[in-house]
Structure formats: structure tokens, C-alpha cells
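What follows is one structure encoded as C-alpha cells, with my remarks underneath.
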Amino acid sequence: MTDFFKGIPQIKYEGAGTDNEFAFRHYNPDEIVMGKSMKDHLRFAVAYWHSFAWEGGDPFGGRTFDRPWFGSEMDLAKLKADVAFEMFDILQAPFFCFHDADVRPEGANFAESTRNLEEIVDYFAGKMEQTGTKLLWGTANLFSHRRFMSGASTNPDPEVFAYSAATIKTCMDATMKLGGENYVLWGGREGYETLLNTDLGRERQQMARMLQMVVDYKYKIGFEGTILVEPKPQEPSKHQYDYDVNTVYSFLKEYGLENEVKMNIEQGHAILAGHSFEHELAMAREFGILGSIDMNRNDYQSGWDTDQFPNNVPEVALAYYEILRAGGFTTGGTNFDSKVRRQSLDAEDLILGHAGAMDVCARGLKAAAAMIEDGKLEAARDARYAGWDSDFGKSMLTSDLAAIEAQVRAKDINPQPRSGRQERLENLINRYV
Ligand code: XLS
Ligand code: NI
Ligand code: NI
């Protein structure tokens with residue numbers, strides 16, 4: 001045991017009436033919702049980078065946190081792992097997620113970085129065995145080091161492509177070894193700063209080639225998890241190719257990968273793309289590529305990916321509504337890609353940030369389940385489209401323009417507008433949240 005979280009108890013469900021800050025009010029892991037425990041619905045994961053690697057910097061100032069594991073020695077990486085696994089236990093979080101760069105010191109060269117990663121992966125394996133914590137997904141950080149400043153797979157220099165491919169391989173190996181349920185690709189530098197120096201055509205082909213190699217390697221090593229792409233429109237690059245769910249789906253279709261790759265959808269990224277979270281989830285549900293979510297929230301005024309913990313129940317309810325409509329998670333889950341604010345210095349802040357967010361998600365899930373079970377929203381939606389189930393409606397999708405014109409004339413069709421009933425539906429949603 002480290003003493004980082006000294007005095008902080010394991011967070012347990014005590015119900016909405018409790019006065020204890022260090023308790024769940026709504027997240028009751030074993031409570032059954034629509035035939036499944038909340039734990040199995042939500043599949044919470046802690047993001048290693050935000051809680052243990054991020055130092056509290058912003059564009060105007062550096063480190064505000066003072067963690068005993070900051071530094072680049074292997075011993076400190078192990079101390080960081082000790083603290084991380086203590087936090088997973090305090091939170092009863094069943095999963096975690098990590099990038100290579102979050103968990104191991106950067107070596108002098110590729111071989112040394114990989115040796116460091118392998119040593120930590122072995123250390124993780126022991127801890128996972130002891131605690132039962134599982135890996136939701138692993139990924140490669142191909143955006144922080146300066147070598148990636150002009151892209152990873154989309155770099156104008158093929159040596160960076162090679163370094164990136166080799167790094168992805170080692171991270172897929174690590175994910176496989178730890179029984180990870182998914183492997184994520186987020187392309188923060190896969191885009192451009194200026195079109196003036198960018199060959200869009202080449203870069204997109206390079207990116208497709210990398211993704212194809214990832215899929216091929218998955219089969220080669222027998223990785224049974226899901227390959228996930230995480231869309232984001234911009235930040236850190238001015239423009240990123242994986243702009244949003246629809247853009248990524250078109251890209252997958254273009255290269256014949258739409259049945260191999262699913263989506264990891266993040267609330268803050270949806271907002272940056274000018275969408276709502278539920279829009280992105282609904283799109284992915286329609287395409288059959290909803291894989292997993294990165295749960296957080298953006299500051300709606302700042303225009304940055306601020307990665308705050310979620311605290312808006314109605315918004316979260318609509319997100320889980322789409323997830324439940326898609327049949328719920330299979331290999332995916334709810335990863336808190338969220339960080340405490342840079343003034344939130346204390347160990348307690350890390351715990352309470354997550355615990356509160358888990359409660360918000362639990363409330364959202366329960367509201368979404370009630371909406372589904374009640375069926376009123378879907379009944380209203382079905383009623384709105386009922387005309388399409390009639391013989392006439394069906395014939396519209398099989399006729400041609402001339403035949404339709406003849407029908408419109410023969411029946412003197414003269415459509416009358418009907419209310420979309422938005423306010424009534426918004427009132428309906430407010431009954432559940
Ligand atoms: C950054 C992304 C990143 C991915 C993993 O905005 O959300 O954290 O989830 O590389
Ligand atoms: Ni993310
Ligand atoms: Ni993000």
C-alpha cells in the first residue's frame with residue numbers, strides 16, 4: 001500500500017439520502033437495470049493519462065500537481081502503477097485504459113522504450129491478477145513526442161510512419177497480453193496545420209494503410225478485441241481527418257474496413273465537431289459501429305477539449321438512451337476521459353471527480369432505461385413515420401419519378417403539415433431525468 005490515498009475509504013453505494021461525500025448515491029454496481037447489473041451496463045474505466053500522467057499544465061502555465069511518482073525512472077512508473085490500482089479499487093472501477101507513454105518512461109531509442117513498456121506490462125499483469133481489474137483498451141501515444149509533430153501515419157517522412165507502425169505493434173502486443181477488450185486509435189496529429197504544405201491524397205492513403213495493417217495484425221496475433229477509431233475534428237491539429245462519426249464511416253467504407261473497425265465516441269469531441277454527444281452515438285448506432293465511449297464534458301464557452309467530468313444528467317441520459325437502443329456495450333464501456341481541474345490538487349479530488357461522474361452516469365442510465373421501458377418516446381417516433389409502413393409509403397421507395405407523378409395526379413395528393421411535437425417530447429424526457 002502507498003499512502004497517497006491514506007484515509008480515503010472504498011466508495012460504496014449508500015443511496016440518495018446519504019450525507020457521506022465518499023459514497024455512491026446512484027451507482028449501485030449490482031442493481032439490475034433492464035435485466036443486467038449497472039456494473040455490466042456501464043463498464044466504467046479510469047483513464048491512466050488524465051489521473052496519473054497529466055501534470056496540471058495549461059497553455060499559460062506548467063505543472064500544478066505535485067505527485068510523488070513524477071519523474072522518468074522505472075521505480076516511479078511502478079509507484080504510479082501502485083497508486084493507480086489503489087484508485088481503481090477505491091472506486092470499484094472494473095476497467096482502466098492507457099497509452100504506452102502514460103505508463104513507461106521514454107527510452108533513449110525504440111528498443112529501450114519497448115523494454116520499459118514490457119516491464120510495466122508485466123507489473124500490470126501481476127496487479128490485474130491480484131485485484132481483478134481489467135483492461136478496457138490500450139493505445140499508442142503518437143502525438144506528444146516531437147517526432148510526431150507532423151503526423152504519425154500521415155507524416156511526410158516514411159521513417160515516422162515506420163516508427164509509428166512499430167509502436168502500434170508493441171502497444172497491440174501489450175493490450176493482447178493484458179487481455180484488453182479493445183484497441184483504440186486516436187489521430188490527434190493525423191491532419192494538418194496548413195493546407196499549403198499538405199498532400200491530402202497521400203496522407204489519407206497512408207492512414208488507410210496503417211489501419212489495414214492494424215486489422216491484419218489483429219488477426220495475425222489472434223486478438224479477439226475490437227479495433228476502435230476515436231473521431232475528433234481538431235485540436236491539437238487545425239484539422240483532423242477523423243473529423244466525426246460520419247466522416248470516419250465514409251473513410252472505412254472507402255477502404256473496405258467498415259466491418260472491421262468500430263467507433264470510440266467522446267462527448268467533448270462531438271461538441272468540437274458541432275454535434276451533440278447523442279447525435280454522434282445515434283449515427284454510429286445507425287451504421288452499426290458503436291463500440292465504446294469516452295465520457296467527459298466540454299466547457300461550452302471555451303472551444304477546447306476541456307475533458308471535465310460529466311455532470312449533466314439529461315445529456316448523459318440521452319447518450320445512454322442511444323447506447324441502449326444499440327443493444328448496449330459488448331466489448332466497449334464508459335471510459336472517463338476526464339481530468340480534475342488544475343487547481344484540484346488533492347488526492348480526494350481525484351476520487352470524488354470520478355465518484356460523482358459515476359453517479360451521474362448511473363442516473364443517466366436509469367433514466368434511459370425508464371425511457372426505453374416506458375416506450376412512449378419510441379411510440380411517438382413510430383407514429384410520426386407510420387405512413388411509411390403503409391402500402392403507399394412502401395411503394396414510394398420502389399417506384400420511379402414518372403409513376404409517382406401519375407399517382408399524385410390520380411389521387412390528387414395534397415399533403416398537410418403535421419406538428420413535430422418537439423416541446424411535448426421534451427416535456428416527456430423531463431419526466432425521466
Ligand atoms: C484526446 C483523446 C485521447 C484518446 C486516446 O482528445 O480523447 O485522450 O482518447 O488517445
Ligand atoms: Ni478520448
Ligand atoms: Ni479527447
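The values are calculated or read from the model by the stated rules, or taken from the named source; none is laboratory data. Quick caveat, the model's predicted, so the values are computed rather than measured. Cβ placement follows ideal geometry from the backbone for every residue including glycine, while neighbour counts extend to all protein chains displayed.
Here are a few things to note about the model shown:
- Top-ranked residue of region 258-281 - restricted to ones that are away from ligand 3 (no atom under 16 Å from the Cβ) and touching a strand residue (DSSP E or B) at 6+ places or on another chain (Cβ under 9 Å), ranked as nearest to GLN308 (Cα to Cα): LYS262
- The numbered conditions (1) within 16 Å of ligand 2 (Cβ to nearest atom); (2) within 13 Å of the chain's Cα centre (by Cα); (3) not acidic (Asp, Glu) are all true for ILE323 except (1).
- Test: ILE289 is more than 13 Å from ligand 1 (Cβ to nearest atom), of a type in the set (A, V, I, L, M, F, W, C), in contact (Cβ under 8 Å) with a residue 40 or more places away in the chain and surrounded by 20 or more Cβ atoms within 10 Å (Cβ to Cβ): yes
- Scan of region 302-351 for residues that are among the β-branched types (Val, Ile, Thr), within 16 Å of ligand 3 (Cβ to nearest atom) and touching a Phe, Trp or Tyr at 6+ places or on another chain (Cβ under 9 Å), ordered by number: THR334, VAL340
- Subset of region 143-159 [of a type in the set (D, E, K, R) and over 17 Å from ALA101 (Cβ atoms)]: ASP157, GLU159
- Qualifying residues in region 182-205 (those that are away from ligand 2 (no atom under 16 Å from the Cβ) and under 24 Å from the mean Cα position of the chain (by Cα)) - the one surrounded by the fewest Cβ atoms within 10 Å (Cβ to Cβ): ARG204
- Applying the criterion of being polar (S, T, N, Q) and more than 16 Å from ligand 2 (Cβ to nearest atom) to the residues of region 281-316, the residue that is modelled with the lowest pLDDT is SER302.
This table checks each residue for (1) more than 17 Å from the chain's Cα centre (by Cα); (2) within 30 Å of ASP359 (Cα to Cα).
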residue	(1), (2)
ASN246	no, no
LEU257	yes, no
LEU290	no, yes
PRO314	yes, yes
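- In the set (1) among the hydroxyl-bearing types (Ser, Thr, Tyr); (2) away from ligand 3 (no atom under 16 Å from the Cβ); (3) not in a loop (DSSP other than H, G, I, E, B), the condition left unmet by TYR27 is number (3).
- Selection status of PRO310, part of a loop (DSSP other than H, G, I, E, B), of a type outside the set (D, E, K, R), crowded, with 20+ Cβ neighbours inside 10 Å and within 16 Å of ligand 1 (Cβ to nearest atom): yes
- The listed residue being more than 30 Å from ARG67 (Cα to Cα), touching a helix residue (DSSP H, G or I) at 6+ places or on another chain (Cβ under 8 Å) and not in a loop (DSSP other than H, G, I, E, B), out of LEU281, LEU257: LEU281
- Looking across region 159-210, the residues that are within 21 Å of PHE44 (Cα to Cα), in contact with a Leu (Cβ under 8 Å, 6 or more places away or on another chain) and aliphatic (A, V, I, L, M) come down to ALA174, LEU178, VAL184, LEU185.
- Taking the criterion of being within 16 Å of ligand 3 (Cβ to nearest atom) and over 16 Å from MET263 (Cα atoms), the residues of region 177-202 that qualify are ARG189, GLU190, GLY191.
- In region 212-240, the residue that is surrounded by the most Cβ atoms within 10 Å (Cβ to Cβ) out of those that are within 16 Å of ligand 2 (Cβ to nearest atom) and among the hydroxyl-bearing types (Ser, Thr, Tyr) is THR226.
- Boolean, THR167 is touching a Gly at 6+ places or on another chain (Cβ under 7 Å), over 23 Å from GLY288 (Cα atoms) and in a helix (DSSP H, G or I): no
- Across region 72-122, the number of residues qualifying as in contact (Cβ under 8 Å) with a residue 24 or more places away in the chain, part of a loop (DSSP other than H, G, I, E, B) and of a type outside the set (A, V, I, L, M) comes to 7.
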